[in-house]
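Student: Sharing a structure here in structure tokens format.
The values are calculated or read from the model by the stated rules, or taken from the named source; none is laboratory data. A quick note: this is a predicted structure, and the numbers were derived from the prediction, not measured. Please note: Cβ atoms are built from the backbone with ideal geometry, for glycine as well, and neighbour counts cover all protein chains shown.
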Amino acid sequence: MEAMKKMTTRAIVNIGQLVTGDIYQPLSKATAIWIEDGIIKAVGKEGDFPLGSADMVIDVQGMTVCPGLIDAHVHNTLDDYAPQQREIGWMENALLVGVTTIISEGEQGPGFPRFFDDAIGSKATAILAKRVFDRFRPAGALKMHGGALVLVNGLTRDDFKEMAEAGVWLVAEIGGGGLYRPEDIGPMLKWAKEFDFFVSMHFGARSIPGSSTVSAAEILALGEDMIDKIAHANGGSTAAPWDMTLEIIEQTNIPLEMIHNGNHKMMHRIVRTLKERDELHRLVLGTDCPTGQGAIPNAIMRTAVFISAIDDIPAAQALAMATGNTARIYGLNTGFIQVGREADILAIDYPPGSVGTNALEAMENGDTVGVSMVMVDGNIVSVKGRDGRPTARNIKVNGKELGISNINDYLFGPPNPGFNVYEATFFGDGKPPRVPGRVPRKRA
Ligand SMILES: [Zn+2]
């Protein structure tokens, strides 16, 4: 008879600043979080919780706590390697600096059937990638949403139905490869919507061979209800002209993605404009990694720092663009420090010597902050990234300080949190990891 698995309980205490993930209520006065079996059960004060009964009390010693970061734009292949960069473990690298969820914008690998007339190949790739990442969490924890369908000639309503039944729910950025003209994709988008796919649209100049220039006219012709996100609104990596970008901002309410591997001047103009329009809820962050531009582990945090420091956006709001905003538009049950959400949580801190006296002040001053704890589904998976930047303070787990001072551990890791992550998390019972939760999507 299978033994009943005991419930795991965690308490996070002594929180200095609690970043909620909510763009319009970005900070909470709460100082403690109670977690059961990987789900946030309560957010409040230390005295509210039976700390003595928790399996693990995590004292963050006054650091800032925020939701795990979400990268809304990557071009993964199957499993955790990047053929363009000849790099193995790029997803794990991102996890160790705080990226707990990654979303595919279309699988790319040598010989992948993503172009033109190979409907069965395109469909098979989407299903295979979805299935791979349902069973494989990079570094045992990262939530990778793979399986983004590239639209090609010959896809039918039955194909969309079959893919939806197989779990596929993402349409890869339209124009990043495959079809993009409204007359070609119009019927497919109707099927995509019928089966509740999330639809993303490449915007601006062509990037790789097979990609296309997508202008504001094409997006407006499709209609804003057909499109859930403008991918790399700041260029991927070449930006569209400003007047065209402004048309999208002013004539639609479509969420806009800012990417690290894009045009930073355009990012600045878009963020400033949305701030003036009081529409910061439309912004989400991505990387467009890995490409020839690189797979940069800290790219999401660096983008949040850029937006906060250069555009005078409170750091807690910049972090919401990389957490709650993304979770809301994609319908992911993460991205917020909120009861019922999956406990994907970071402790971040100012780097020693920064003029900021906490992570948020450091970000507002342009300093890249460090991550002292990465938690996924209530389990600590790292206590300091592979040189994700040092933190002034460390977490304490059940009274014991967990920091990395050994240069080899610090640079080359993976930093050992002091217990067996794999046993504590997903593989101990011999079952595949649970598929990350979904909730209804909301644009605003
Ligand atoms: Zn693109």
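Student: Please verify whether segment 30-43 includes one or more residues that are among the polar types (S, T, N, Q) and not assigned by TED's automatic domain parsing to the domain that holds residue 147.
Tutor: To start, the set of residues in segment 30-43 that are among the polar types (S, T, N, Q) comprises 31.
Still in the running and not assigned by TED's automatic domain parsing to the domain that holds residue 147: 31.
Yes, there is a match, as at least one residue in segment 30-43 is among the polar types (S, T, N, Q) and not assigned by TED's automatic domain parsing to the domain that holds residue 147.
Student: Please go through segment 162-171 and pick out each residue that is within 20 Å of the chain's Cα centre (by Cα) and either assigned to a loop (DSSP other than H, G, I, E, B) or within 9 Å of the ligand (Cβ to nearest atom) (or both).
Tutor: Here is the first cut: in segment 162-171, the residues within 20 Å of the chain's Cα centre (by Cα) are 167-171.
If the condition is that a residue be within 20 Å of the chain's Cα centre (by Cα) and either assigned to a loop (DSSP other than H, G, I, E, B) or within 9 Å of the ligand (Cβ to nearest atom) (or both), then 167, 168, 169 are the ones that fit.
Student: Run residue 275 past the list (1) farther than 24 Å from residue 33 by Cβ; (2) over 16 Å from the mean Cα position of the chain (by Cα); (3) not assigned by TED's automatic domain parsing to the domain that holds residue 94 and report the number of the one that doesn't hold.
Tutor: (3)
Student: Can you tell me which residue in segment 282-301 is nearest to residue 76 (Cα to Cα), limited to those that are crowded, with 23+ Cβ neighbours inside 10 Å and polar (S, T, N, Q)?
Tutor: Result: 287.
Student: Residues in segment 126-137: is at least one in the same structural domain as residue 81 (by TED's automatic domain parsing) and within 16 Å of the ligand (Cβ to nearest atom)? Break it down stepwise before answering.
Tutor: If we filter segment 126-137 for residues that are in the same structural domain as residue 81 (by TED's automatic domain parsing), which is where we start, we get 126-137.
Subset that is within 16 Å of the ligand (Cβ to nearest atom): none.
No; the residues of segment 126-137 include none that is in the same structural domain as residue 81 (by TED's automatic domain parsing) and within 16 Å of the ligand (Cβ to nearest atom).
Student: Tell me which of these residue 199 doesn't satisfy, since it passes every other one: (1) within 15 Å of the ligand (Cβ to nearest atom); (2) more than 18 Å from residue 104 (Cβ to Cβ); (3) in contact with a helix residue (DSSP H, G or I) (Cβ under 6 Å, 6 or more places away or on another chain).
Tutor: Tallying (1) within 15 Å of the ligand (Cβ to nearest atom); (2) more than 18 Å from residue 104 (Cβ to Cβ); (3) in contact with a helix residue (DSSP H, G or I) (Cβ under 6 Å, 6 or more places away or on another chain), residue 199 fails exactly one: (2).
Student: Hey, among the residues in segment 50-64 that are without any contact (Cβ under 8 Å) to a residue 60 or more places away in the chain and not acidic (Asp, Glu), which one's surrounded by the fewest Cβ atoms within 10 Å (Cβ to Cβ)?
Tutor: Our first condition is that a residue be without any contact (Cβ under 8 Å) to a residue 60 or more places away in the chain; within segment 50-64, this holds for 50-55.
Of the ones still in play, those that are also not acidic (Asp, Glu) are 50-54.
Details: 50: 9, 51: 14, 52: 7, 53: 9, 54: 19.
Of everything passing the filter in segment 50-64, 52 is surrounded by the fewest Cβ atoms within 10 Å (Cβ to Cβ).
Student: Checking residue 63 against (1) over 23 Å from residue 336 (Cβ atoms); (2) touching a strand residue (DSSP E or B) at 6+ places or on another chain (Cβ under 6 Å); (3) not acidic (Asp, Glu), which single condition isn't satisfied?
Tutor: If we test residue 63 against (1) over 23 Å from residue 336 (Cβ atoms); (2) touching a strand residue (DSSP E or B) at 6+ places or on another chain (Cβ under 6 Å); (3) not acidic (Asp, Glu), just (1) comes out false.
Student: Just wondering, is there one or more residues in segment 53-64 that are within 16 Å of the ligand (Cβ to nearest atom) and either farther than 27 Å from residue 37 by Cα or at pLDDT below 95 (or both)?
Tutor: So the first thing to find is which residues in segment 53-64 are within 16 Å of the ligand (Cβ to nearest atom), and the list is none.
No, segment 53-64 contains no residue that is within 16 Å of the ligand (Cβ to nearest atom) and either farther than 27 Å from residue 37 by Cα or at pLDDT below 95 (or both).
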